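The values are calculated or read from the model by the stated rules, or taken from the named source; none is laboratory data. Because the structure is predicted, anything quoted here is derived from the model rather than measured. Quick reminder, even Gly has a Cβ in these numbers, built from the backbone with ideal geometry, and neighbours come from all protein chains shown. To get the accessible areas, we keep the full protein, side chains included, count just its heavy atoms, and leave off ligands, DNA and RNA. Shrake-Rupley method; radii C 1.70, N 1.55, O 1.52, S 1.80 Å.
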Amino acid sequence: MARKKDQAARRRQLVSATIELIADRVGVSHRLVAYYYADLESLVQEAHEAAVERYYWTRLQALDQVADPQHRLLQLIHSGLPGQQDRQLSQVLNELSANASRSRVHAQLMSQLFDREVSLYLSVLQEGQSAGAFRLSQPALTLARNLVALEDAYGFHLLAKVSSIDAATAAGALVGYARTATGATLLSPA
């Protein structure tokens, strides 16, 4: 006779195991982690907020420091690829992306982040076009989505460490696409 499945109990076990792993990893008590994160969804939400801070707000603030449309575009490209300092956060984002097909919450979070990143590129592309610095080969929204999708794809390869793609190659490919898409020279600032 088959065992009766108790999905609620299994979920509680998984949450408990996750809390234990996190506690062991950061060297705190399991109770302390459970105090701050009673369930996985609150932990996922906080991880997502950290990702939004890194991949949206920090980049938006950095754009305020640069006036030239070409330099603004280059800054976005270079800041969109994961660096060593945000390796773990980027890996969490990859896991959330993979889980998006199974979780409406994860799908919404990833969609929101994608749309925010697209908005960064969209504003720079539209401003550059209005200033005469860019001659866009396609609608700005299409190009902005493509740039974020390329960032994500190259970022995945950079995190995998098994690819022939390194940071310089990924950045070069993004800049090359941006040159073609905008008709701009896109030389790095001296």
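Just in region 80-118: which trypsin sites (Lys or Arg not before Pro) are loop by DSSP and have at most 11 other Cβ atoms within 10 Å? Mind dumping the intermediate values first?
Details: sites: 87, 102, 104, 116; in loops: 102.
Counting only loop positions with at most 11 other Cβ atoms within 10 Å, the trypsin sites (Lys or Arg not before Pro) in region 80-118 are 102.
Once Rh for the chain is found with the Kirkwood sum over Cα pairs, what is the Stokes-Einstein diffusion coefficient at 37 °C and 0.692 mPa s, in µm²/s? Working shown, then result.
Numbers: Rh = 18.6 Å.
In µm²/s, the coefficient is 177.
Restricting to DSSP H runs of at least four residues, report the calculated mean residue ellipticity at 222 nm for the chain, -39500 (n - 2.57) per run over all residues, nearest 500 deg cm²/dmol.
On the way: 9 runs with 135 residues, N = 190.
It lands at -23500 deg cm²/dmol.
For residue 166, what residues show an amide H to amide H distance below 5 Å, using hydrogens built from the backbone and excluding near sequence neighbours?
none
Helix check for the chain. Which DSSP H runs span at least 15 Å along their own axis by Cα, with a mean Kyte-Doolittle hydropathy no less than 0.0? Don't jump to the answer; show the numbers that get you there.
Working: long enough: 7-26 (28 Å, -0.06); 40-52 (18 Å, 0.26); 69-80 (17 Å, -0.40); 87-99 (18 Å, -0.48); 104-130 (38 Å, -0.13); 140-160 (30 Å, 0.87); 167-182 (22 Å, 0.74).
Correct list, ordered by number: 40-52, 140-160, 167-182.
For residue 9 and residue 141 in one chain, what is 0.36 nm times their gap in residues minus the Cα-Cα distance, to one decimal in nm? Intermediate results must be reported in sequence, preceding the final value.
On the way: separation 132, 0.36 × 132 = 47.52 nm, distance 4.54 nm.
Between residue 9 and residue 141, full extension yields 43.0 nm more.
Dipole magnitude of the chain about its Cα centre, charges +1 at Lys/Arg Cβ and -1 at Asp/Glu Cβ only, in debye to the nearest 20? Kindly include the intermediate steps, with their values, before the conclusion.
Numbers: 19 positive and 18 negative charges, 152 e Å.
Using only the charged Cβ atoms, the result is roughly 720 debye.
Which of 120, 32, 159 moves most in a GNM of the chain, Cα contacts under 10 Å?
Among 120, 32, 159, the largest GNM mean-square fluctuation belongs to 32.
Rank these by accessible area, largest first, 1.4 Å probe: 16, 90. Walk me through the numbers on the way to the answer.
Working: 16 50, 90 5 Å².
Greatest to least solvent exposure: 16, 90.
Tell me the relative contact order for region 69-190 as a rounded percent, counting alpha carbon contacts under 8 Å between residues six or more apart. Let's see the in-between values first.
Values: 113 pairs, mean separation 44.1, N = 122.
Over region 69-190, the number comes to 36 percent.
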